[in-house]
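> Take a look at this one; I'll ask things after.
The values are calculated or read from the model by the stated rules, or taken from the named source; none is laboratory data. Since the model is a prediction, treat every value here as computed from it, not as a measurement. Don't worry about glycine lacking a Cβ; one is built from the backbone with ideal geometry, like all the others, and counts go over all protein chains shown. Ligands, DNA and RNA are stripped out before the accessible areas are found, and what is left, the full protein with its side chains, is counted by its heavy atoms. Shrake-Rupley method; radii C 1.70, N 1.55, O 1.52, S 1.80 Å.
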Amino acid sequence: DEAKRHLLALFPDMEVFDTPKPENLLERIIHIASNPGDLVVDIFGGSGTTATAAHKMRRRWILAERNAQTVLDFVVPRLERVIAGTDDGGITSTVSWKGGGEYETVHVSPRFGSLTPPHRAGAVKKRLAARAKASGLRAVV
């Protein structure tokens with residue numbers, strides 16, 4: 001399936017999601033339900049397909065993902081490629097996406113229970129800042 005092939009091309013050394021949503025499907029939904037500049041919200045962020053499609057379509061977006069490792073492994077690298085204009089899959093050619101924009105990452109600790117040390121806010125912020133510095137992007141964490 002196209003969505004899984006796209007993720008495998010982006011993350012060849014990682015085990016990707018079994019049933020990712022295709023950007024083409026998200027493009028149709030976002031196109032029907034919103035206008036450029038509108039806010040698109042995805043509370044089950046996963047690999048970030050909704051955010052990437054919304055970003056490429058010039059919509060504002062909010063993505064929530066409860067697993068910090070998923071954000072670090074999939075969402076952040078994927079959005080970096082979208083912003084840099086190096087993600088040529090999905091709807092990139094359909095919407096004539098060339099790159100640009102920015103995003104902020106916010107880490108919210110759970111109200112109940114506790115996180116393991118690598119997933120606590122301080123550790124996640126350090127990894128996000130290091131990743132942004134390495135890729136030349138501005139980090140807001």
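> Is it fair to say ALA3 is over 19 Å from ALA132 (Cβ atoms) and crowded, with 20+ Cβ neighbours inside 10 Å?
In short, yes.
> I need every pair where a residue in the stretch 47-60 that is under 16 Å from GLY85 (Cβ atoms) has its Cβ under 7 Å from the Cβ of a residue that is of a type in the set (Ser, Thr, Tyr) and open to solvent by less than 20 Å² (accessible area, probe 1.4 Å), sequence separation at least 6 or different chains.
LYS56/THR92
> Every residue in the stretch 78-109 that is touching a residue at least 60 places away in the same chain (Cβ under 8 Å), open to solvent by less than 30 Å² (accessible area, probe 1.4 Å) and either touching a Pro at 6+ places or on another chain (Cβ under 6 Å) or aliphatic (A, V, I, L, M) (or both), please.
If the condition is that a residue be touching a residue at least 60 places away in the same chain (Cβ under 8 Å), open to solvent by less than 30 Å² (accessible area, probe 1.4 Å) and either touching a Pro at 6+ places or on another chain (Cβ under 6 Å) or aliphatic (A, V, I, L, M) (or both), then ILE91 is the only one that fits.
> So, of the residues in the stretch 27-70 that are part of a helix (DSSP H, G or I) and either among the small types (Gly, Ala, Ser) or in contact with a Pro (Cβ under 7 Å, 6 or more places away or on another chain) (or both), which turns out to be farthest from TYR103 (Cα to Cα)?
Among them, the one singled out is ALA33.
> Same structure again: Search the stretch 56-73 for residues being within 14 Å of VAL124 (Cβ to Cβ) and of a type outside the set (D, E, K, R), and hand back the single one that is surrounded by the most Cβ atoms within 10 Å (Cβ to Cβ).
So, considering only residues that are within 14 Å of VAL124 (Cβ to Cβ) and of a type outside the set (D, E, K, R), the one surrounded by the most Cβ atoms within 10 Å (Cβ to Cβ) is VAL71.
> Filter the stretch 129-141 down to the residues that are in a loop (DSSP other than H, G, I, E, B) and surrounded by 12 or more Cβ atoms within 10 Å (Cβ to Cβ), then identify the one that is modelled with the lowest pLDDT.
So, considering only residues that are in a loop (DSSP other than H, G, I, E, B) and surrounded by 12 or more Cβ atoms within 10 Å (Cβ to Cβ), the one modelled with the lowest pLDDT is VAL141.
> Return only the number of the condition from (1) in a helix (DSSP H, G or I); (2) under 23 Å from ALA134 (Cα atoms); (3) in contact with a strand residue (DSSP E or B) (Cβ under 9 Å, 6 or more places away or on another chain) that TYR103 does not satisfy.
(1)
> Find all pairs meeting these conditions: Cβ atoms under 9 angstrom apart; at least six residues apart or on different chains; first residue within the stretch 10-30 and without any contact (Cβ under 8 Å) to a residue 24 or more places away in the chain and more than 15 Å from MET57 (Cα to Cα); second residue open to solvent by 70 Å² or more (accessible area, probe 1.4 Å) and assigned to a loop (DSSP other than H, G, I, E, B).
Qualifying pairs under 9 Å: THR19/ASP1.
> What is the residue count in the stretch 75-127 for residues that are more than 21 Å from ALA51 (Cα to Cα) and polar (S, T, N, Q)?
3
> May I ask you to list the residues in the stretch 110-128 that are surrounded by 15 or more Cβ atoms within 10 Å (Cβ to Cβ) and among the hydrophobic types (A, V, I, L, M, F, W, C)?
Within the stretch 110-128, ALA123, VAL124, LEU128 qualify.
> A follow-up question, please. Among the residues of the stretch 35-55 satisfying the criterion of being over 12 Å from the mean Cα position of the chain (by Cα) and either on the phi > 0 side of the Ramachandran plot or not hydrophobic (A, V, I, L, M, F, W, C) (or both), which is least open to solvent (accessible area, probe 1.4 Å)?
GLY37
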